[in-house]
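These notes concern the structure reproduced below.
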Amino acid sequence: MVVNAINPTTTLTIGGNLTSTGTVTGLVLSSDTVSEQSAGAGVTVDGVLLKDGAVTATGLVTGGSAAITGAADVGGILTVDTINESSTNAGVT
């Protein structure tokens with residue numbers, strides 16, 4: 001079934017998969033899973049690439065914090081007020 005335009009005035013519920021080759025817009029899109037359409041492409045949300053368990057983003061982290069497990073590649077200036085040791089009595093090097 002091909003639908004060119006839907007303009008519901010209430011809730012539109014889709015039982016099954018929604019595949020789009022264009023743009024899907026709306027006030028709220030709720031989903032438990034967002035999957036990439038092209039293998040290996042990842043999913044981009046507002047300029048943030050989610051791909052193979054990694055997050056790629058540019059810009060600033062504001063109004064909160066970023067928890068990083070593993071290595072981090074910072075391609076600019078990293079400005080912090082405090083660096084705490086991760087392991088007791090290990091110190092920070």
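The values are calculated or read from the model by the stated rules, or taken from the named source; none is laboratory data. Small disclaimer: the values here were computed from a predicted structure and weren't measured. Reconstructed Cβ throughout: ideal geometry from the backbone, glycine too, with neighbour counts over all protein chains shown. Heavy atoms of the whole protein, side chains included, go into the accessibility calculation; ligands, DNA and RNA do not. Shrake-Rupley method; radii C 1.70, N 1.55, O 1.52, S 1.80 Å.
Here are some notes:
- Once Cα extents along the principal axes in Å is calculated for the structure shown, the corresponding label among [x] 62, 30, 26; [y] 52, 32, 26; [z] 40, 26, 22 turns out to be [x].
- Accessible area per residue, Å², the chain with all protein chains present, probe 1.4 Å: 100 Å²
- Burial ranking of peptide ranges 41-49, 81-89 (average Cβ count within 10 Å, highest at the top): 41-49, 81-89
- Solvent-accessible area of the chain (1.4 angstrom probe, protein heavy atoms only): carbon and sulfur portion equals 50 percent.
- Taking every C-alpha pair closer than 8 Å and separated by at least 6 residues, the mean separation divided by the residue count of the chain gives a relative contact order of 9 percent.
- Distance between the 7 Å Cα→Cβ label points at Val34 and Lys51: 1.6 nm.
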